[in-house]
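In what follows, a single structure is set out as structure tokens and then discussed.
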Amino acid sequence: MDPIQIEAWTVAIEALIKVGGYAVTTVKGWFSHAQTDLTDDQVTAAWETIEADDRVRLAIAQAASGG
Amino acid sequence: MKRLLLIPLIFALAFSGACGGNRPPKEIALQAATSTNQGLDLIQDVEAQLCWGTTTAIEAKNTIADLTKCTTPVAAHVGLTTEKHQAFNKALVTAYKAHLTMAADLRLWSAGMPTPTSVNDYVTEVTRALELAKTLVSSNPTVQLLIADALALVKSGQDIIATLKGVVK
């Protein structure tokens, strides 16, 4: 993929979450299953999009663990 | 309606780069790490269903006042005590922390280097979560789901380690 396609990937993932209203977990599933030939940069682009969700879930686990 | 328009977009973009050849272990591991993220969310959500009766942990965050304790009769029935619930979530905390650094660690990794600590930590903690799940009443279908999902997560983590060690191509 060229940089334009990588950017399109990121935009598409963000759109699915923010505009489409899909759960981040659902989009992660599509992403991981659809990809078979990604470079590091391509994975990084998508990874950054889902990191925010990881942080929310980490905060929940921290609260549930009692600190 | 927006969803109907977006589905073809995401899959068109996904498969536009999907013609694979032989890929280096690092790339395979990175993709596997991305996939494990979904599994981690899944076991958190299944435990949330048992403990709080919510569909997801995200939902519980907005509706349950005290996340340190389980509130459902089913939690008591399957043996999901406060102690086990908190221990499960402690494992998730470390697993999520490891997962957050795993992508960066894998990008820096090259053949011959040891497996990144974050990968080992991740596997250790999801294994701990699996062992805790196994102590619950396994005749319950949701517990069975939790065990199956945690087992898959452990396996995927082990596959990442094996890939980095060159055991799996």
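The values are calculated or read from the model by the stated rules, or taken from the named source; none is laboratory data. Because the structure is a prediction, the values reported are computed rather than measured. Neighbour counts run over all protein chains shown; Cβ positions are idealised from the backbone, glycine included.
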Some residue of region B:95-106 being buried (at least 18 other Cβ atoms within 10 Å of the Cβ), farther than 20 Å from residue B:163 by Cβ and modelled with pLDDT of 85 or more: yes
Cross-chain or 6+ apart pairs with Cβ under 8 Å, region B:56-77 first and part of a loop (DSSP other than H, G, I, E, B), then of a type in the set (Asp, Glu) and surrounded by 15 or more Cβ atoms within 10 Å (Cβ to Cβ): B:56/B:45
Filter result (facing chain A (nearest Cβ under 10 Å) and either closer than 14 Å to residue B:160 by Cα or among the aliphatic types (A, V, I, L, M) (or both)) within region B:83-107: B:87, B:91, B:92, B:93, B:95, B:99, B:100, B:102, B:103, B:104, B:106, B:107
